[in-house]
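Undergrad: Could you have a look at this structure, given as structure tokens, before my questions?
The values are calculated or read from the model by the stated rules, or taken from the named source; none is laboratory data. Here the structure is a predicted model, which means the values were calculated and not measured. Please note: Cβ atoms are built from the backbone with ideal geometry, for glycine as well, and neighbour counts cover all protein chains shown. These area figures cover heavy atoms from the full protein model, side chains too; ligands, DNA and RNA do not enter into them. Shrake-Rupley method; radii C 1.70, N 1.55, O 1.52, S 1.80 Å.
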Amino acid sequence: MGNVVVDTNVIVSGFKSPNGNPAKIVDMIKNLQLTACYNAEILNEYQKVLARPHFNFSKEDRKNFLAVVIEYGLLHEPPKSTFPMIDEKDRCFYDVAVYFGAKLITGNMKHYPVEGFVVSPTGFLADL
């Protein structure tokens, strides 16, 4: 179906609420209906955030999701863009999406430039 870069907040929401739109996106990645695009910084953030004790996510669920991302996803370290970002930690998601021509799915639309490829989970699913 296509390449996506998924902001960590969408992954967390997908794990927390199995019936919501973020969960549908997580499931589409796990079922190989979407290809997750990432770089080392994104993968590191996924690993760290999903392992936070207060989320209490199953180690097996985390491991299975990350294994799919690593085995079937697209990895690249694109050059860093230079335009101002509200949150510098979000730059890696934007840069990877630009490199792969992927949709960037986020729950924090205000953190990114207004671009057609930056979409909310609801917007992404509506466009399918």
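Undergrad: Taking amide H positions as placed in the peptide plane 1.01 Å from N, state which residues far from residue 118 in sequence (5 or more) or on other chains have amide H under 5 Å from it.
TA: 104
Undergrad: Apply the a/c threshold of 1.5 to the C-alpha gyration tensor of the chain and tell me whether it is rounded, prolate or oblate.
TA: rounded
Undergrad: Rounded to a whole number, what % of the accessible area of the stretch 1-89 do carbon and sulfur atoms account for, probe 1.4 Å?
TA: 51 percent
Undergrad: Now for a separate question. Let me have the 222 nm mean residue ellipticity of the chain computed from DSSP H runs of 4+ only, each contributing -39500 (n - 2.57), with the sum over all residues rounded to the nearest 500.
TA: Taken over the chain, the calculation gives -14000 deg cm²/dmol.
Undergrad: Right, another one. Using 13 Å as the cut-off for backbone N distance, which residues of the stretch 56-83 belong to the label zone defined by a point 7 Å from the Cα of residue 32 along Cα→Cβ?
TA: 68-69, 71-73
Undergrad: So, one more: Give, rounded to the nearest 20 debye, the magnitude of the charge dipole that the chain has about its Cα centre when Lys and Arg contribute +1 at Cβ and Asp and Glu contribute -1 at Cβ.
TA: In total the dipole reaches around 340 debye.
Undergrad: Then there is this: Taking a spot 7 Å from the Cα of residue 44 along the direction of its beta carbon, which residues of the stretch 96-120 have an amide N less than 20 Å from it?
TA: The answer is 96-99, whose backbone nitrogens lie closer than 20 Å to the label point.
Undergrad: May I pose another question? What angle do you read, to the nearest 10 degrees and between 0 and 90, between the alpha-carbon axis of helix 59-72 and the longest principal axis of the chain?
TA: The helix 59-72 is inclined about 40 degrees to the chain.
Undergrad: With a/c under 1.5 counting as rounded, go ahead and sort the stretch 28-79 into rounded, prolate or oblate using the C-alpha gyration tensor (a ≥ b ≥ c being the square roots of the eigenvalues; past the cut-off, prolate if a/b is larger than b/c, else oblate).
TA: Cα axes put the stretch 28-79 in the oblate bin.
Undergrad: If you don't mind, another one. Given the pairs 63/110; 30/59; 16/80, which are separated by over 27 angstrom at their Cα positions?
TA: Table pairs above 27 Å Cα-Cα are 63/110; 16/80.
Undergrad: What accessible area per residue comes out for the chain, rounded to a whole number of Å², with a 1.4 Å probe?
TA: Ligands and nucleic acids excluded, the result is 54 Å² per residue.
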